Amino acid sequence: MIFSNANLVTFHGDSGYGIVSRGAVVAADGRIAWIGPASQLPARYNDLPNHDLEGRLVTPGLVDCHTHLIHAGNRAHEFEQRLQGSSYAEIASSGGGIQTTVAATREASEEELLVTALKRVDILMSEGVTTVEVKSGYGLDIDTELKMLRVARRIDQLRPIRVCTSFLGAHTPSPEYRDRADEYLERVCLPALEIAVVENLVDAVDGFCEAIAFTPGQVSSVFQRAQRLGLPIKLHADQMSDLGGARLAAQHGALSADHLEFASVAGVRAMAASGTVAVMLPGAFYTLRETQLPPIAEFRSHYVPMAVATDLNPGSSPLHSLLLAMNMACTLFRLTPEESLRGTTCHAAQALGLSDAGRLWVGYHADLAIWDAEHPAELSYRMGGTKLFARVFAGELTC
Ligand code: DI6
Ligand code: FE
């Protein structure tokens with residue numbers, strides 16, 4: 001299959017969009033077999049079916065590298081409570097927040113969770129997403145953590161999308177172990193992780209390092225187990241306070257540290273040294289009306305790659321639009337449109353440990369987003385009303 005007559009945003013190289021004007025992409029066996037100016041297309045491809053993209057813009061398929069899109073229940077009432085003055089942390093400490101979603105997710109059947117997750121996946125796909133990360137963490141008991149991960153594994157059998165799973169048993173202690181976090185980790189979280197690994201349900205291990213969740217020492221114990229199991233790690237770090245989460249993640253060679261509003265300069269330096277991606281989640285910043293900005297200038301000056309994701313979850317970020325996350329990253333965090341698009345393509349792929357996604361180059365997955373747009377800045381500039389024309393997943397036009 002050839003996709004021709006398009007302006008290609010390749011992100012080949014470390015700076016700039018890497019634009020190839022009037023370009024062509026040849027897809028074979030799900031991968032990019034050739035890419036370059038259409039005028040230089042080798043004659044051996046002349047007989048392949050050709051899609052004329054009529055001058056449209058083509059980017060790598062978008063990658064949403066941080067979501068909690070499998071969950072049941074509804075938290076709109078907490079939105080109302082926050083509007084009446086309660087804080088996110090107060091709602092969490094009084095047994096609401098994550099625990100509300102845990103109760104509903106435990107109740108839901110695997111089929112029910114799948115149906116609602118697929119609806120959310122469809123919305124993301126309608127904006128050009130071709131890879132999505134999905135976390136567990138609303139079970140907090142062994143059976144429900146496994147149930148969530150099994151649902152995640154079914155998504156990419158049912159939809160043209162790549163799914164990466166993260167085990168988030170260390171999201172918060174379960175209601176049964178409310179003030180016994182160590183015991184929760186020992187008796188529930190780590191055993192659940194062991195079983196999930198045996199069942200091939202886990203691509204990475206995540207944790208939540210925060211006063212309302214786990215201490216750095218507790219997170220370290222989870223990371224040590226993950227590393228013994230040969231799994232990469234990620235961390236919800238320094239979202240509401242500086243507990244040294246960025247440095248902790250970096251010390252363990254994490255793929256990414258996420259949120260980071262309160263990350264210190266020492267944390268940023270450690271991330272630079274370990275090659276850890278900084279995942280920006282402006283949907284949570286916006287929803288919680290946070291005022292502390294993540295240290296963007298420090299990430300830039302230390303060459304820490306920045307990714308952008310939705311954090312799609314029912315509490316702190318009910319955001320179902322990766323394009324709107326890009327817009328918010330620009331408007332709220334002052335990322336450039338180029339940084340925000342790198343953040344949802346090549347840097348998001350890096351945050352998931354994928355070395356063959358998020359760019360358009362030979363050998364990479366033939367995952368493309370085709371836009372009715374002239375310039376890549378349009379993707380970050382608009383709010384709502386996607387300009388997606390079509391999606392290509394593994395070389396197939398999927399819309
Ligand atoms: N940070 C978040 O933004 C979500 N989890 C986390 O660790 C919030 C989850 C929720 O409120 O349901
Ligand atoms: Fe999150």
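Residue by residue through the range 374-385, note down the ones that are hydroxyl-bearing (S, T, Y) and within 19 Å of the chain's Cα centre (by Cα).
Listed by number, the list holds a single entry, S380.
Which of the residues belonging to the range 347-363 are under 13 Å from T59 (Cα atoms) and either crowded, with 24+ Cβ neighbours inside 10 Å or in contact with a Cys (Cβ under 6 Å, 6 or more places away or on another chain) (or both)? Talk me through it step by step, then tell me what you get.
Residues of the range 347-363 that are under 13 Å from T59 (Cα atoms), as a first pass: 357-361.
Matches in the range 347-363: G358, R359, L360.
Of the residues that sit in the range 279-296 and are over 14 Å from the mean Cα position of the chain (by Cα) and in a helix (DSSP H, G or I), which one is nearest to L83 (Cα to Cα)?
This residue is T287.
Residues are listed down the side, and each one gets a yes or a no for (1) charged (D, E, K, R); (2) within 14 Å of ligand 1 (Cβ to nearest atom); (3) in contact (Cβ under 8 Å) with a residue 60 or more places away in the chain:
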position: V163; (1), (2), (3): no, no, no
position: S166; (1), (2), (3): no, yes, yes
position: D179; (1), (2), (3): yes, no, no
position: E194; (1), (2), (3): yes, no, no
position: V198; (1), (2), (3): no, no, no
position: L201; (1), (2), (3): no, no, no
position: G207; (1), (2), (3): no, yes, no
position: A213; (1), (2), (3): no, yes, no
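Among the residues of the range 297-326, count how many are closer than 25 Å to G128 by Cβ, in a loop (DSSP other than H, G, I, E, B) and away from ligand 2 (no atom under 13 Å from the Cβ).
3
How do the pairs read when you match residues in the range 262-282 that are without any contact (Cβ under 8 Å) to a residue 40 or more places away in the chain with residues anywhere that are of a type in the set (S, T, N, Q), using Cβ under 7 Å and keeping only pairs 6 or more apart or on different chains?
F262/S241; F262/Q292; A270/Q251; T276/S256
Among the residues of the range 386-399, how many are in a loop (DSSP other than H, G, I, E, B) and more than 16 Å from L124 (Cβ to Cβ)?
Within the range 386-399, residues that are in a loop (DSSP other than H, G, I, E, B) and more than 16 Å from L124 (Cβ to Cβ) number 2.
Output the helices (runs of 4 or more DSSP H) that fall wholly within the range 157-261 and possess 2 or more residues being buried (at least 21 other Cβ atoms within 10 Å of the Cβ), or say none.
On the way: elements: 181-184, 190-198, 216-228, 245-251.
Correct list: 190-198, 216-228, 245-251.
Taking the range 272-316, which residues are out of contact with any Phe, Trp or Tyr (no Cβ under 8 Å at 6 or more places or on another chain), of a type in the set (A, V, I, L, M) and buried (at least 23 other Cβ atoms within 10 Å of the Cβ)?
V277, V279, L281, A284, V304, A307, V308, A309, L312
Within the range 93-113, which residues are surrounded by 20 or more Cβ atoms within 10 Å (Cβ to Cβ) and of a type in the set (A, V, I, L, M)?
Within the range 93-113, I98, V102, A108, L113 meet the criteria.
Scan D47, D29 and give me the residue that is modelled with pLDDT of 95 or more, more than 16 Å from ligand 1 (Cβ to nearest atom) and out of contact with any strand residue (DSSP E or B) (no Cβ under 8 Å at 6 or more places or on another chain).
D29
Among the residues of the range 299-344, count how many are in contact with a Gly (Cβ under 9 Å, 6 or more places away or on another chain) and among the charged types (D, E, K, R).
3
It is to be established whether one or more residues within the range 238-256 are in contact (Cβ under 8 Å) with a residue 60 or more places away in the chain and within 16 Å of ligand 1 (Cβ to nearest atom).
Yes, that holds for at least one residue.
Which pairs have Cβ atoms under 6 Å, sit 6 or more apart or on different chains, and link a residue in the range 298-318 that is closer than 14 Å to G137 by Cα to one that is in a loop (DSSP other than H, G, I, E, B) and near ligand 1 (Cβ under 10 Å from one of its atoms)?
Once the first residue is closer than 14 Å to G137 by Cα and sits in the range 298-318, its partners that are in a loop (DSSP other than H, G, I, E, B) and near ligand 1 (Cβ under 10 Å from one of its atoms) give D311/H66; D311/L281; N313/H68; P314/H71; P314/R75; G315/R75; G315/G97.
Checking A307 against (1) among the small types (G, A, S); (2) more than 16 Å from ligand 1 (Cβ to nearest atom); (3) closer than 25 Å to V58 by Cα, only one condition comes out false. Which one?
(2)
Yes/no per residue for (1) among the hydroxyl-bearing types (S, T, Y); (2) within 19 Å of L352 (Cβ to Cβ); (3) touching a Pro at 6+ places or on another chain (Cβ under 8 Å):
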| site | (1), (2), (3) |
| --- | --- |
| T101 | yes, no, yes |
| E112 | no, no, no |
| L146 | no, no, no |
| L149 | no, yes, no |
| L158 | no, no, no |
| I161 | no, yes, no |
| Y177 | yes, no, no |
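If T344 satisfies all but one of (1) surrounded by 24 or more Cβ atoms within 10 Å (Cβ to Cβ); (2) under 24 Å from V205 (Cβ atoms); (3) without any contact (Cβ under 8 Å) to a residue 60 or more places away in the chain, what's the number of the condition it fails?
Among (1) surrounded by 24 or more Cβ atoms within 10 Å (Cβ to Cβ); (2) under 24 Å from V205 (Cβ atoms); (3) without any contact (Cβ under 8 Å) to a residue 60 or more places away in the chain, the lone unmet condition for T344 is (3).
The values are calculated or read from the model by the stated rules, or taken from the named source; none is laboratory data. Given the structure is predicted, the values throughout are model-derived calculations rather than measurements. Here the Cβ is made from the backbone with ideal geometry for all residues, glycine too, and neighbour counts use every protein chain on show.
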